[in-house]
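Before any comments, here is the structure.
None of the figures in this text is laboratory data; all of them are computed from the coordinates on show. Quick caveat: nothing in here was measured; it's all calculated off a predicted structure. Glycine also receives a Cβ, built like all others from the backbone with ideal geometry; neighbour counts cover every protein chain displayed.
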Amino acid sequence: MAAADFTCSMLAGLETVIYRTCEINSQLEFPKLINHYMNHILSRGFLFILLCGSAAGCTVKKPAAPAVASETAAVALDSVITEMPHTSRGPYQPSAERLMDLLHTSLNVRFDWVKQHLLGEATLTLKPYFYPQQQVVLDAKGFDIHKVTLRKGKQALPLTFDYDRQKLTLKLDKTYSRTDTLQVSISYTAKPNELEAHGSQAIQSDKGLYFINPLGQEEGVPQQIWTQGETEANSAWFPTIDKPNERMIQDIFITVESKFKTLSNGTLVSSKNLKNGLKTDHWRMTQPHAPYLVMMAIGEFSVIKDKWRNKEVSYWVEPEYAATAKATFGRTPAMLEFFSQKLGVAFPWDKYAQVVVRNFVSGAMENTSASTFMESVQQDRRELLDKNWDHIIAHELFHQWFGDLVTTESWANLPLNESFADYSEYLWAEHQYGPDEAALTHQTALLEYLAEARTKQEPLIRFNYLDKEDMFDSHSYAKGGRVLHMLRQEVGEEAFFAALHLYLTQNKYTPVEIDKLRLAFEEITGRDLRPFFKQWFLTPGHPELKVSHAYQNGTFTLQVNQTQDTLRTTVYKMPLTVALLQNGKWQEEQVQLEKASQAFTFPLQAAPQAVVVDPAQKLLANIDHEKSVPEWSAQFLNSTAFAAKANALEHLRDTAVTQIDPVLEKAMQDPFWKIRATGLELLVSKESMQNPRMQNQVQRMAETDPHSAVRATATYVLSTLNGLPQEIIEARLNDSSYQVVSAAIFAWTKGNHDLARLKPLLQYKNPDVVNALASAFTTNDEEELYAWYLKNASKLRGGDLYYFVQSFGAFLLKKNIDRQERGWQALVGIVEKETLAEAKQAAFQMLTLMAETDERRQKVQELAAKDPKLASLVSPQMN
């Protein structure tokens, strides 16, 4: 499972600043830190332009000063978050007890599109797991149960049952032992929309089965049906034992209108046309997997075929994106080959399909042999210029080994799925795009975890959570991936992948817990790795290192203090690399950190020009190392590794340009795009921008840099100049990159140029451009613009909608109550239908600001009554 990319960005005032935390009004509950800061926004193409000045009530709190993370820049959140981090105090959450073993599931399903019901017949083959059983208990959420029978040969004996709309308990005709096999059949109707919906930050809904545009009346929206099983939501559309430690094989017979294509796990055995314009597709899965990995997708897809080692690889997209599907997904065969060779375990399933669906409730999902992706993955040719989705494609693909072939036995062990999938993003970036992109991927994830750790510190493997959905956080993903990176350094390259090979081969088709991973590494290395696993997998928190250094009389001293709360976590024992720059050359020293306070000394002939702790960023640690401006400058000018350069630039951000002019010059010529972009950011509001030579260089970068993120940043930097000729920015409105166009729209608006020039861009569908335009036109009162806002309010989803709603609200608040009405209804629809909590809350907040009549106040109260999180946003005056 990949959590949806959801970024919070602001380009404000005279600085280019991307903040990790955003609040819409002071009341809006926004408890989770938003994923991904500028690295992902630019590298993956999310350049959302949020003009807080035009969005009523929007405030963004600016951090006071940068923090440090493993010698890389993070954004300090101290001014936003002041509470101490907590650790869960929930009850012990054991693995599910196995009373019955589900061997095979056969499903016959058809659909009532009008009622949004599934009409199903399920035949389950089971046996007692060990102890004799007189009943079968199944997960079955919100069904109408029509008939339950026990199959004995050709006979079907009725069974009595108890049903509380969550658990279906079948009373068997006798006691069955573990040598017995039985079959039960259940005729039922699933009603997913009648379930009380829940969800998490990563998986926004748990209805299991979703109808998209079921009546076919929504313009521009395809008719689709799709499923989402993780964590335990597949039991909302078929009866099963919905636990991750269960395994089964399956046959699914899907009856739909002939115009639709169907996709499920395994292979398509047959497709039979029926007389009434319907067809039945039979999908068979012959290798066992967990019930939560079962999937269906139904729609009018274009299917682009590919292959890998004579296995079918396919990409299922809306017809509009058929021409670019291979450009988006076409590196999948190369990923299959790379991961198969790296692990020494060939891709284990019969085929691999990737399907893009509308309104998906997460980023993507690793269903066995058929992954599902959010619609943002579909790209036109111009969007392909700005970003690729390799990170999420690799993530779901790696799950086919870690999660599908070998599955966590309990949600407490979820990092055995997600940390590996997260780390696959690093492995693929390292292989395909080189060390700088890999280092950027690593740094971004590290900062993501450290941001979450400001308020929450958990062991990776945690048995005491309140809700299984709590496991889907930056600990299980980002922290887990970083711990695997340290384990790779700890045991060495060859041993790391040999141990993963052993782990996969020993545990294939079985559920596992963390000790299985540790034992595989110990068997390969011959080492006792319990201390490593205890420290990094089973202990909350991370090292907080306060570092200082001094040189005197031929001796260099490095002082390292561990400042983390050792009552919550521990004093960490770990290797530490120290790089010292002397006469333009680096020498590295290896030391072992074992105490809360340690001093390390080295004989040196002269004071080093720069000192870098953990220069390759191998550690999961927050490192605060105070250095002078000359030392940070020397670090940048003499380093080749991305982490050391990026960290130096961040610490030089607020330094007077006269002290760092050589740094800026070199940064803007760096071979890696992210360093060039960061160098440009440092120019904002600096006196260097008054230098015509510097202006010309920035303009050249805005026009010709090969990376669109750099051109976009340069475009914004140019907009900070007073008196800049408008034709310079206007030219960027014609850039091939949507990302650059978005930055140019912001710059154009900031320069108070004629907004009529932007109207031709209203035809663009790209959400980055749409959000930039939405911010630009908030003061406009033309009907054409009102219709445009209404259209996009109905089309955008998730994070795109979150930003749009704020500009839309600002647009509406400048209207009288009668003119507001259509927008009011659109916002009500968003609150009622949107699954992303932040977007729903943003729309609701705008409604509270427009609730000026008794009727509107009553509607706000009705909406709040359905959602406790919304209720907390209602002001006392409205109650």
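For the pair residue 527 and residue 691, what calculated FRET efficiency results from E = 1/(1 + (r/R0)^6), where r is the Cβ-Cβ distance and R0 = 45 Å, to the nearest 0.05?
On the way: r = 58 Å, r/R0 = 1.28.
Efficiency at R0 = 45 Å is approximately 0.20.
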All lysines inside 20 Å of residue 840 as judged from Cα atoms, apart from same-chain residues fewer than 8 positions distant: 32, 207, 791, 795, 859, 866, 869
Distance histogram in 10 Å bins (all Cα pairs of segment 301-401, percent per bin): 16, 53, 27, 4
Estimated vicinal HN-Hα couplings, Hz - segment 120-128 in sequence order (Karplus 6.51, -1.76, 1.60; Gly, Pro = x): x, 10, 10, 10, 10, 9, 9, 8, x
Least to most buried among 300, 784, 838, 544 (fewest other Cβ within 10 Å first): 784, 300, 544, 838
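Could you calculate the contour length gain from residue 255 to residue 97, that is, 0.36 nm times the residue separation minus the distance between their Cα atoms, to one decimal place in nm? Intermediate values should be presented prior to the final figure.
On the way: separation 158, 0.36 × 158 = 56.88 nm, distance 3.47 nm.
Full-extension gain reported as 53.4 nm.
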Relative contact order for segment 693-878, counting Cα pairs under 8 Å that sit 6 or more residues apart, in percent: 12
Calculated from backbone phi, Karplus (6.51, -1.76, 1.60) coupling profile of segment 234-249 in Hz, x at Gly/Pro: 5, 6, 7, 9, 8, x, 6, 9, 8, 10, x, 8, 9, 9, 7, 9
Residue exposure sequence - 802, 786 - by fewest surrounding Cβ within 10 Å: 786, 802
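Could you order peptides 576-587, 621-632, 595-606 by the average number of other Cβ atoms within 10 Å of their residues, highest first? Could the numbers behind the result be given before it?
Working: 576-587: 16.1, 621-632: 17.8, 595-606: 12.2.
Highest to lowest by the protection proxy: 621-632, 576-587, 595-606.
May I ask what percent, to the nearest 5, of DSSP beta bridges between residues of the chain are antiparallel? Mind dumping the intermediate values first?
Working: 116 of 140 bridges.
That works out to approximately 85 percent antiparallel.
By average Cβ neighbour count within 10 Å, what is the ranking of 282-291, 228-237 from highest down? Don't skip to the end; give the middle numbers.
Values: 282-291: 20.2, 228-237: 25.3.
Highest to lowest by the protection proxy: 228-237, 282-291.
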Shape call, segment 692-775: gyration tensor on alpha carbons, a/c limit 1.5: oblate
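Give the calculated FRET efficiency between residue 559 and residue 275 to the nearest 0.05, with a Förster radius of 60 Å applied to their Cβ-Cβ distance.
On the way: r = 83 Å, r/R0 = 1.38.
So, using R0 = 60 Å, E works out to roughly 0.15.
From the C-alpha gyration tensor of segment 153-259, pull out the three semi-axes of the equivalent ellipsoid (sqrt of 5λ each), sorted largest to smallest, in whole Å.
Numbers: eigenvalues 200, 66, 38 Å².
Result for segment 153-259: semi-axes of 32, 18, 14 Å.
How large is the dipole of segment 544-648 about the Cα centre if only Lys and Arg carry +1 and Asp and Glu carry -1, each at its Cβ, rounded to the nearest 20 debye? Intermediate values should be presented prior to the final figure.
Working: 8 positive and 9 negative charges, 20 e Å.
That gives a dipole near 100 debye.
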Selection from 228, 1, 265, by position along the positive dipole direction of the chain (Cβ): 265
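Enter the per residue convex hull volume of the chain, computed from alpha-carbon coordinates, in Å³ rounded to the nearest integer.
Working: hull volume 150.5 nm³, N = 879.
Looking at the chain, the number lands at 171 Å³ per residue.
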Simple label model, 7 Å out from Cα along Cβ direction - residue 146 to residue 592, nm: 7.0
Karplus 3J(HN,Hα) series, Hz, for segment 303-314 with 6.51 cos²θ - 1.76 cosθ + 1.60 (x for Gly, Pro): 10, 9, 8, 9, 7, 8, 6, 6, 9, 6, 10, 9
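What does the extension gain come out to for residue 780 and residue 582, with contour length at 0.36 nm per residue minus their alpha carbon separation? List each step's numbers first, then the result.
On the way: separation 198, 0.36 × 198 = 71.28 nm, distance 6.03 nm.
Separation in residues times 0.36 nm, less the Cα-Cα distance, equals 65.2 nm.
Would you calculate, for the chain, the mean residue ellipticity at 222 nm contributed by helices, counting each DSSP H stretch of 4 or more residues as -39,500 (n - 2.57) and dividing by all residues, to the nearest 500?
Working: 26 runs with 294 residues, N = 879.
Helix-only estimate at 222 nm: -10000 deg cm²/dmol.
Show me the ranking of peptides 699-706, 311-318, 565-572, 401-408 by mean Cβ neighbours inside 10 Å, starting with the highest.
Working: 699-706: 16.9, 311-318: 20.8, 565-572: 14.8, 401-408: 24.8.
Going from most to least packed, we get 401-408, 311-318, 699-706, 565-572.
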Under-5 Å amide H pairs with residue 117, H placed in peptide plane, nonlocal only: 112
Kirkwood Rh in Å, taken over all unlike Cα pairs in segment 809-878: 12.0
Share of alpha-carbon pairs per 10 Å distance bin for segment 693-878, given as whole %: 9, 33, 28, 18, 9, 2, 0
Straight-distance crosslink candidates among aspartates and glutamates, where the alpha carbon sits under 14 Å from residue 311 and sequence neighbours closer than 8 are dropped: 337, 350
Approximate spin-label separation residue 506-residue 87, in nm, with each point projected 7 Å along Cα-to-Cβ: 2.8
Dipole-positive endmost among 113, 805, 137 within the chain (Cβ charges, Cα centre): 137
All aspartates and glutamates inside 19 Å of residue 759 as judged from Cα atoms, apart from same-chain residues fewer than 8 positions distant: 727, 730, 735, 768, 781, 782, 783, 784
Extension gain, residue 661 back to residue 137 (0.36 nm per residue minus Cα-Cα distance, nm): 181.5 nm
Computed magnitude of the charge dipole of segment 734-826 (debye, nearest 20; Cβ of K, R +1, Cβ of D, E -1): 140
Pair residue 821, residue 162: separation of 7 Å Cα→Cβ label points (nm): 5.5
Other-chain or far-sequence residues with amide H under 5 Å of residue 167's (modelled H): 140
Cut-off under 5 Å, modelled amide H: who pairs with residue 206 long-range: 198
Extreme residue, positive dipole direction of the chain, given options 285, 123, 507 (C-beta unit charges): 123
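Which value, in debye to the nearest 20, gives the size of the charge dipole of the chain about its Cα centre, when Lys and Arg are +1 and Asp and Glu are -1 at the Cβ?
Computed charge dipole of the chain: roughly 1600 debye.
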Intensity falloff of segment 544-648 expressed as log10 I(q)/I(0), Debye formula with alpha-carbon point scatterers, at q = 0.11, 0.21, 0.23 Å⁻¹: -0.33, -1.16, -1.36
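Counting alpha carbon pairs within less than 8 Å and at least 6 residues apart, what relative contact order, in whole percent, applies to the chain? Spell out each step's value before the answer.
Numbers: 1817 pairs, mean separation 105.3, N = 879.
This gives 12 percent for the chain.
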